[in-house]
Amino acid sequence: MNASKVLENLKVRFPNEPEYIQAVGQVLPTIEEEYNKHPEFERANLIERLCIPDRVIEFRVTWVDDSGKVQTNMGYRIQHNNVIGPYKGGIRFHKSVNLGILKFLAFEQTFKNSLTTLPMGGAKGGSDFSPRGKSDAEVMRFCQAFMNELYRHIGPDVDVPAGDIGVGGREIGYLFGQYKKLTHEWSGVLTGKGREYGGSLIRPEATGYGTVYFLQSMLDTKGIELAGKSVLISGSGNVAQYAAEKCLQLGAKVLTLSDSDGYIYDPDGIDREKLDFVMELKNIERGRIKEYADEYPNAVYHAGERPWNEKADIALPCATQNEINGEEAQALVNNGVIAVAEGANMPSTPEAIEIFQNAKILYAPGKASNAGGVSVSGLEMSQNSERLSWTAEDVDNRLKIIMKDIHDNCVKYGTEPDGYVNYEKGANVAGFMKVAKAMMAQGIV
């Protein structure tokens, strides 16, 4: 395989999908050496088959708002690869959603799910509908209209969606209710469900907790403890909230949280009481993070900015893709950051990643460090299949083991001659080899 040539061909075929091209471009060079050790891969044109999704489903979603006006949005499901298990990946409702973004997410999800060692393929879906500012009734009607088409393409042994940006417990509930209505069956077809109807304990916390567990494993390789360290966190949704919670439990000091309008910096640290305020603000009141500074006057709100120019020991980007650029990465390095673990998907640009790696700081790509969410989704699938509910302690212990195994695989494939662990390469190669071997075993299909 010539990674550059493959990428150029994909750019020609998919010219209007920059995020997808970026995701593929960040993976291919890191797996090229390992891929070329297996000439049978090239004979089977395996890399092109892996890069291009199995199936792209695109549909119109028509719904009626509270004023009686008919609204139209686009709906998508990208079923990328199912050689190691049913398609598995989140649904995202956000105005930025388009085909290129979902293809990048589905591509990443295939590697992430492979890393978990659980039997799950990769997928992603969503809509350019935004729940922000919508009533519960409008969100319900949209979810029902979205599921009216999606239900034809999913199932507990076919494709099991979960939540993502803009899709939380409320949306999952509406989606599940409509699926059940249309199919006349109760099955574990969606994960992230409420505890009352088949959800798993620790699922809401899993992505944030898992990111911090992975961070701990990275720090352990250097003999460094998380306790006493200062942490910058972006985002203020589910992942950011529970990453902050786990950091607090382990003795770290969280300094920042953000949303799409700006970020707050609290020099006193975001303690348990303040985090509870954020959780109520974002999860119940659906407010904006700037209200934190109104409640806690020592905090400073920076409108229209991101937190990466603040000084701290650790950075946990937990918001969205491409939120750390090269200039911000350099600022983090200059300010003494020793570790970056991604809670979001592809939050660091290629320039940022190069700066982190050149500085030899600990850097974990999202496909490894944020795999805790889909891991517990996989555990929820197991509980649904067995008609059982595991304890929070049991699920959390399983999550810790999975994150430790992912870390160890990254070290195995990513350790360079000078001892530096290139976690990006390690994650990509480890995830790729499992999928590649399964594809070879199943023939040209």
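The values are calculated or read from the model by the stated rules, or taken from the named source; none is laboratory data. These figures come from a predicted structure and were not determined experimentally. Cβ coordinates were reconstructed from backbone atoms using ideal geometry, including for glycine residues, and neighbour counts include every protein chain displayed. Side chains included, ligands, DNA and RNA excluded: accessible areas come from the protein's heavy atoms. Shrake-Rupley method; radii C 1.70, N 1.55, O 1.52, S 1.80 Å.
One table, with the values for the structure above:
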item	result
Residue tally, condition polar (S, T, N, Q) and in contact with a Gly (Cβ under 8 Å, 6 or more places away or on another chain), over segment 80-98	2
Whichever residue in segment 28-50 is within 20 Å of ASN422 (Cβ to Cβ) and of a type in the set (D, E, K, R) and, among such residues, is surrounded by the fewest Cβ atoms within 10 Å (Cβ to Cβ)	LYS37
Complete set of residues in segment 198-237 that are more than 13 Å from ILE338 (Cα to Cα), touching a Lys or Arg at 6+ places or on another chain (Cβ under 9 Å) and not in a loop (DSSP other than H, G, I, E, B)	GLY208, TYR209, GLY210, THR211, VAL212, TYR213, PHE214, SER217
Residue within segment 228-246 that is among the hydrophobic types (A, V, I, L, M, F, W, C), out of contact with any strand residue (DSSP E or B) (no Cβ under 7 Å at 6 or more places or on another chain) and either surrounded by fewer than 23 Cβ atoms within 10 Å (Cβ to Cβ) or without any contact (Cβ under 8 Å) to a residue 40 or more places away in the chain (or both) present	no
Number of the condition not met by ILE57 [criteria: (1) among the β-branched types (Val, Ile, Thr); (2) more than 18 Å from the chain's Cα centre (by Cα); (3) closer than 30 Å to ILE402 by Cα]	(3)
Answer from ARG132, ARG141 - the residue that is within 29 Å of PRO365 (Cα to Cα), surrounded by fewer than 24 Cβ atoms within 10 Å (Cβ to Cβ) and in contact (Cβ under 8 Å) with a residue 12 or more places away in the chain	ARG132
Considering residues of segment 238-265 that are in contact with a Lys or Arg (Cβ under 7 Å, 6 or more places away or on another chain) and acidic (Asp, Glu) only, the residue farthest from VAL337 (Cα to Cα)	ASP261
Matching option when the condition is farther than 16 Å from LYS229 by Cβ, part of a helix (DSSP H, G or I), open to solvent by 70 Å² or more (accessible area, probe 1.4 Å) and charged (D, E, K, R), among GLU273, GLU305	GLU273
Which numbered condition TYR265 fails, given (1) free of Cβ contacts under 8 Å to residues at least 40 places away in the same chain; (2) in contact with a helix residue (DSSP H, G or I) (Cβ under 8 Å, 6 or more places away or on another chain); (3) more than 21 Å from GLY166 (Cβ to Cβ)	(1)
Positions within segment 93-112 being surrounded by fewer than 24 Cβ atoms within 10 Å (Cβ to Cβ) and either under 21 Å from GLY25 (Cβ atoms) or under 12 Å from the mean Cα position of the chain (by Cα) (or both), in sequence order	SER96, ASN98, LEU99, GLY100
Strands (runs of 3 or more DSSP E) enclosed by segment 28-120 - at least 2 residues per element that are farther than 20 Å from VAL6 by Cβ and aliphatic (A, V, I, L, M)	55-64, 70-81
Residue match in segment 165-187 (condition: touching a Ser or Thr at 6+ places or on another chain (Cβ under 8 Å), hydrophobic (A, V, I, L, M, F, W, C), touching a residue at least 60 places away in the same chain (Cβ under 8 Å) and over 18 Å from GLY378 (Cα atoms))	yes
Residue within segment 54-75 that is in contact (Cβ under 8 Å) with a residue 40 or more places away in the chain and under 16 Å from LYS367 (Cβ atoms) present	no
Scope segment 276-293; condition in a helix (DSSP H, G or I), of a type in the set (D, E, K, R) and at pLDDT below 95; matching residues	LYS282
Search result, residues across segment 310-328 that are under 27 Å from GLY166 (Cα atoms) and either of a type outside the set (A, V, I, L, M) or touching a residue at least 60 places away in the same chain (Cβ under 8 Å) (or both)	ILE314, ALA315, LEU316, PRO317, CYS318, ALA319, THR320, GLN321, ASN322, GLU323, ASN325, GLU328
Residue satisfying all of: in segment 77-86; of a type outside the set (Val, Ile, Thr) and open to solvent by less than 20 Å² (accessible area, probe 1.4 Å); nearest to PHE146 (Cα to Cα) among these	ARG77
